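Scroll down for the structure; my scribbles are underneath it.
The values are calculated or read from the model by the stated rules, or taken from the named source; none is laboratory data. Model, not experiment: these values are computed from the prediction. Note that we place each Cβ from the backbone using ideal geometry, even for glycine, and neighbour counts take in every protein chain shown.
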Amino acid sequence: MIAARGLGRRFGDKRVLRGVDLDVADGAFAVVTGPNGSGKTTLLRLVAGLALPSEGELHVDVTRERIGLLAHDPLVYRELTALENLELYGRLYHVPERRERIGMLLERFGLWEARHERVAAYSRGMTQRLALCRVLLHDPQLLILDEPYTALDAQGAELLDAQLAELRGERTFLVSTHDPQRVRRLATSELSL
Amino acid sequence: MRRIPLPVLATASLVLVTLALALVFFVAPNDADQGFSQRIFYFHVSIAFTAYLCFGAGAWKALRHLWKRDPRADLESYVAVHQGVIFGVLVLLTGSIWAKISWGHWWVWSENQLVLFLVLFLFYAAYFMLRFSVDPGPQRANLSAVYALFGVVLVPVSFLAIRLSQSLIHPQVFTRHGPNFGGWILAAYIVSQVAVLVLAYTLYRVELAGKLLDVRLRELRLA
Amino acid sequence: MIRNGSGDWRRVSYLSDVGALTRKDLLLELRARDTLPAMLLFVAAVFVVFHFSLPAGSSRLAASGLLWVAIVFTALLALGRAFVPEREQRTLDALVLAPCDRSAIWLAKSLATLTFLAAAEIVALPLFELFFHGLRGSTVAGVALADLGICAVGTFVGATAVVTRARELLLPLLFLPLAIPLVIGGVGASVVHGPGRYLGFLGLYDLLFALLCWAAFEYVVVE
């Protein structure tokens, strides 16, 4: 599903990624590890299509509507409510049976009660859980998760574990983390930057 | 054209510019109204045309970058626009001198071309600010290309607007006597135009070579 | 290389995407309630400044001209705020990630900004008539047409400013040269006896630049 050869990315004079080869097959669970600043986030952004590579080749065999990205930032509008945020993304991704799916996700991640509150009032853990809802809303085939456990509270982490276990094998994962222990048992391959 | 070596171009520029200066200042007859001092007009027109050509070339290269992903096109577009701005400033300078000679003021709003170049100068100056506030990379190249295209669309649109505005600001009080195209006058025009074009192309090649060297050096350093 | 999904329902989905995004922007402003009130206060203050800037004996037409200065700078206020939520919360990434055409982001933001600008003008124009008189039908038509160009180009430049380091600085620098033809067209429509030419020109500007912005927006937002 993902094939990269000699991938590189520069920001000005700083080379953040260099000569990266990557192969991720359908249904695989690829983990990317490395210290801070090794370019994990950049790699994920390249695969998601948010940035163009400075060198090398990248082929991602999936259309934009089947990709889900969990980034460092939750990518939700703080002045809107959880419901309004998911409504927006639901429309943009043409999610079928939008209302039901939103309701189902909000309940699963324990945000149903707070659905009419503005995200600005949420705790960090709640916001990250909402971000997970956003990512899963359109049932993506390729899930790109950038250090997903970082901002989660205990409840959220458990929910994520359950979600990953459930989807593993049926969906393709590209997960970056600097704590590989947590996801190692799920991983089918590991790339170290 | 790329195969013409730089020393040949430099020599040609020198020869042509000298020839043009000679023709303009010594051979062409005096203008009926303004006398000797009007001669700067020969260069003013040549420089203006060259500047337009540079902006057009910049836009063409920009299109090649966006459409064909030509790897050198971004740098070529930037250098072309840069030359355009340099010659644009010269248009403003020569135009200002000519305005002082013709009407006694260093600036007149009634000259459409002058006003147009002022607007273009403002726009392309912002183009440079844009380029220097983005790190080198695919996005900077794309943004520069897009704005080079905006610039070239702005040229005719602004010209039209400025022409429309002339009836707003003040009536045409000053009339300009265009030179009569006869004999040596035509020759002086043609030679000065060719001279400026060759000069511009030489400068373009020089700057492009320098920039390509910079890029190469940077790549080597990072490798 | 990421392939985008294709389908016969593309056109309908484009409009629905634009609708969803515009709705989001209008909702955000409704919650924050800061841009529109600021614009109204700003415009009123500017009019008062105009009154004191126009010496006794200035023609009534001078004020009509100044109206356009007020409009452009009030628009700049709105444009500066347009992409703030996308920048501060990095939600632009989410929008670029979405399967919608990137130009839909530009169109939606332009429509939202247009709404705010129009809302401000609904108050500003009668206020102008109250203070200075001389508001004509062609002025209002000119304002309507120029608004389209201002929002189309301004939103485009606003997005560019967001992705660069210079940010707030770059917006007026890039926007004003592009807005000069609009001001010329607008002032012409406001003061001249035969405003048709100027209104036609404004329409031409809108068409050309909207097309350019629509086609080029993709290159602004992908890094």
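Residues of region C:180-212 that are under 17 Å from the mean Cα position of the chain (by Cα) and surrounded by fewer than 24 Cβ atoms within 10 Å (Cβ to Cβ): C:180, C:183, C:203, C:204, C:206, C:207, C:208, C:209, C:210, C:211, C:212. Inside region B:7-31, residues that are modelled with pLDDT under 85 and surrounded by fewer than 12 Cβ atoms within 10 Å (Cβ to Cβ) make up a count of 2. Taking the conditions exactly as written (out of contact with any strand residue (DSSP E or B) (no Cβ under 7 Å at 6 or more places or on another chain) and surrounded by 15 or more Cβ atoms within 10 Å (Cβ to Cβ)), does residue A:102 satisfy them or not? So residue A:102 fits the description; yes. Among the conditions (1) more than 10 Å from chain C (Cβ to nearest Cβ); (2) in contact with a Pro (Cβ under 6 Å, 6 or more places away or on another chain); (3) not aromatic (Phe, Trp, Tyr), the only one that residue A:65 does not satisfy is (1). The set of residues in region B:73-98 that are more than 14 Å from the chain's Cα centre (by Cα) and either in contact (Cβ under 8 Å) with a residue 60 or more places away in the chain or surrounded by 19 or more Cβ atoms within 10 Å (Cβ to Cβ) (or both) comprises B:73, B:74, B:75, B:76, B:98. Filtering region C:92-112 to residues that are in a helix (DSSP H, G or I) and either within 13 Å of chain A (Cβ to nearest Cβ) or farther than 20 Å from residue C:35 by Cα (or both) leaves C:92, C:93, C:94, C:95, C:96, C:97, C:102, C:103, C:104, C:105, C:108. Cβ separations smaller than 9 Å between residues 6+ apart or across chains give the following pairs from region C:18-30 residues that are within 9 Å of chain A (Cβ to nearest Cβ) and within 14 Å of residue A:81 (Cα to Cα) to residues that are outside any helix (DSSP H, G or I) and not acidic (Asp, Glu): C:24/A:77; C:24/A:80; C:27/A:77; C:27/A:80; C:28/A:77; C:28/A:80.
As a summary of the residue check, residue B:62 satisfies the conditions (1) more than 20 Å from residue B:132 (Cβ to Cβ); (2) surrounded by 21 or more Cβ atoms within 10 Å (Cβ to Cβ) except for the one numbered (1). The residues of region A:62-73 that are more than 10 Å from the chain's Cα centre (by Cα) and not β-branched (Val, Ile, Thr), listed by number, are A:64, A:65, A:66, A:73. Among the residues of region C:128-141, is any part of a helix (DSSP H, G or I) and either over 26 Å from residue C:36 (Cβ atoms) or within 10 Å of chain B (Cβ to nearest Cβ) (or both)? Yes, region C:128-141 contains a residue that is part of a helix (DSSP H, G or I) and either over 26 Å from residue C:36 (Cβ atoms) or within 10 Å of chain B (Cβ to nearest Cβ) (or both).
Output yes when any residue across region C:200-215 is touching a Ser or Thr at 6+ places or on another chain (Cβ under 9 Å) and at the interface with chain B (Cβ under 7 Å from one of its Cβ atoms), and no when none is. No, because not a single residue in region C:200-215 is touching a Ser or Thr at 6+ places or on another chain (Cβ under 9 Å) and at the interface with chain B (Cβ under 7 Å from one of its Cβ atoms). Just one of the listed residues (C:161, C:152, C:166, C:146) is surrounded by 23 or more Cβ atoms within 10 Å (Cβ to Cβ) and at pLDDT below 90, and it is C:161.
The set of residues in region B:119-156 being free of Cβ contacts under 8 Å to residues at least 40 places away in the same chain, surrounded by fewer than 21 Cβ atoms within 10 Å (Cβ to Cβ) and more than 14 Å from chain A (Cβ to nearest Cβ) consists of B:121, B:122, B:129, B:153, B:156.
Let's see how each residue does on (1) within 12 Å of chain C (Cβ to nearest Cβ); (2) over 17 Å from the mean Cα position of the chain (by Cα); (3) assigned to a helix (DSSP H, G or I):
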{"position": "A:88", "(1), (2), (3)": "yes, yes, yes"}
{"position": "A:110", "(1), (2), (3)": "no, yes, no"}
{"position": "A:132", "(1), (2), (3)": "no, no, yes"}
{"position": "A:155", "(1), (2), (3)": "no, yes, yes"}
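Of all residues in region A:5-38, those being within 14 Å of another protein chain (Cβ to nearest Cβ), touching a strand residue (DSSP E or B) at 6+ places or on another chain (Cβ under 9 Å) and free of Cβ contacts under 8 Å to residues at least 24 places away in the same chain number 2. Scanning region A:39-62 for residues that are of a type outside the set (Lys, Arg), more than 7 Å from every other protein chain (Cβ to nearest Cβ) and in contact with a Leu (Cβ under 8 Å, 6 or more places away or on another chain) returns A:39, A:42, A:43, A:44, A:46, A:47, A:53, A:55, A:56, A:57, A:58, A:62.
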